1. Kindly provide the set of residues from the range 51-69 that are loosely packed, with under 13 Cβ neighbours inside 10 Å and either within 14 Å of the chain's Cα centre (by Cα) or within 29 Å of residue 34 (Cβ to Cβ) (or both), ordered by number.
2. Name the residue that is surrounded by the fewest Cβ atoms within 10 Å (Cβ to Cβ), counting only residues in the range 81-104 that are more than 15 Å from the chain's Cα centre (by Cα) and at pLDDT 95 or above.
3. Can you confirm whether residue 29 is crowded, with 17+ Cβ neighbours inside 10 Å, of a type in the set (A, V, I, L, M) and either in contact with a Leu (Cβ under 7 Å, 6 or more places away or on another chain) or under 24 Å from residue 100 (Cα atoms) (or both)?
4. For residue 107, which of the numbered conditions (1) within 13 Å of the chain's Cα centre (by Cα); (2) at pLDDT 95 or above; (3) charged (D, E, K, R) fails to hold?
5. Quick check on my filter: what residues within the range 72-99 are of a type in the set (A, V, I, L, M, F, W, C) and closer than 24 Å to residue 30 by Cβ?
6. Regarding the range 73-80, can at least one residue be identified that is out of contact with any helix residue (DSSP H, G or I) (no Cβ under 9 Å at 6 or more places or on another chain), surrounded by 15 or more Cβ atoms within 10 Å (Cβ to Cβ) and modelled with pLDDT of 95 or more?
Amino acid sequence: MYPRILVPVDGSDASVRALREAAALGRALGSALVLLHVVDTYQLLLAKATQAGFDEAREALLARGQALLQACGQQAGQSGVACDTVLREVMSSRVSAAIVDEATRQDCSLIVMGTHGRNGRTRLLLGSDAERVVHAALVPVLLVQQDRADGPAVG
């Protein structure tokens with residue numbers, strides 16, 4: 001049904017929970033996972049005054065992303081699910097666009113991603129990559145909320 005599942009990971013509680021959910025689905029369905037970490041260097045470009053400062057911070061973000069993918073890949077492997085990892089850097093597009101694009105590139109038939117469950121004013125101010133993915137994706141999207149005492153775990 002879903003031979004390849006894209007799982008964007010960012011190290012947040014919500015993405016860790018989404019990875020667990022995707023691994024369980026992968027085991028049950030015999031699916032492979034594609035773990036994606038997107039480094040948004042545009043925000044970094046705005047914050048760094050010098051090229052040297054930008055380059056150093058960019059390299060640190062890429063290294064952190066690679067380490068995160070390695071740890072998540074090990075977690076998926078320990079769950080008994082095959083996975084590939086992809087590190088993407090974006091400078092001129094939104095993270096959500098990179099997620100949707102990577103789902104197409106990797107021929108994924110499902111996206112499982114964490115959401116922070118923001119609503120109201122917070123969502124209006126910060127935007128929601130998860131919401132943008134839901135609207136733009138050509139494949140089904142399963143949103144997994146971070147652990148919350150006052151609501152369901154999967155939304």
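The values are calculated or read from the model by the stated rules, or taken from the named source; none is laboratory data. Nothing here was measured: the structure is a model prediction, and the numbers come from that model. For neighbour counting, all protein chains shown are included, and Cβ atoms are generated from backbone atoms with ideal geometry for every residue, glycine included.
1. Within the range 51-69, the first condition is being loosely packed, with under 13 Cβ neighbours inside 10 Å, and the residues that meet it are 51-53, 55-56, 59-60, 63, 67.
Across the range 51-69, the qualifying residues are 55, 59, 60, 63, 67.
2. The selected residue is 82.
3. Numbers: crowded, with 17+ Cβ neighbours inside 10 Å: no; of a type in the set (A, V, I, L, M): yes; either in contact with a Leu (Cβ under 7 Å, 6 or more places away or on another chain) or under 24 Å from residue 100 (Cα atoms) (or both): yes.
Criteria not met by residue 29.
4. So the condition that residue 107 fails would be (1).
5. Of everything in the range 72-99, those that are of a type in the set (A, V, I, L, M, F, W, C) and closer than 24 Å to residue 30 by Cβ turn out to be 72, 76, 81, 82, 83, 86, 99.
6. So far as the range 73-80 goes, yes, one or more of its residues are out of contact with any helix residue (DSSP H, G or I) (no Cβ under 9 Å at 6 or more places or on another chain), surrounded by 15 or more Cβ atoms within 10 Å (Cβ to Cβ) and modelled with pLDDT of 95 or more.
Here is a yes/no grid of residues against (1) assigned to a helix (DSSP H, G or I); (2) within 27 Å of residue 136 (Cα to Cα):
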site: 10; (1), (2): no, yes
site: 43; (1), (2): yes, yes
site: 65; (1), (2): yes, yes
site: 71; (1), (2): yes, no
site: 93; (1), (2): no, yes
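Yes or no, residue by residue, for (1) touching a residue at least 12 places away in the same chain (Cβ under 8 Å); (2) assigned to a strand (DSSP E or B); (3) within 20 Å of residue 143 (Cβ to Cβ):
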{"residue": "19", "(1), (2), (3)": "yes, no, yes"}
{"residue": "38", "(1), (2), (3)": "yes, yes, yes"}
{"residue": "53", "(1), (2), (3)": "no, no, no"}
{"residue": "59", "(1), (2), (3)": "no, no, no"}
{"residue": "62", "(1), (2), (3)": "yes, no, no"}
{"residue": "80", "(1), (2), (3)": "yes, no, no"}
{"residue": "84", "(1), (2), (3)": "yes, yes, no"}
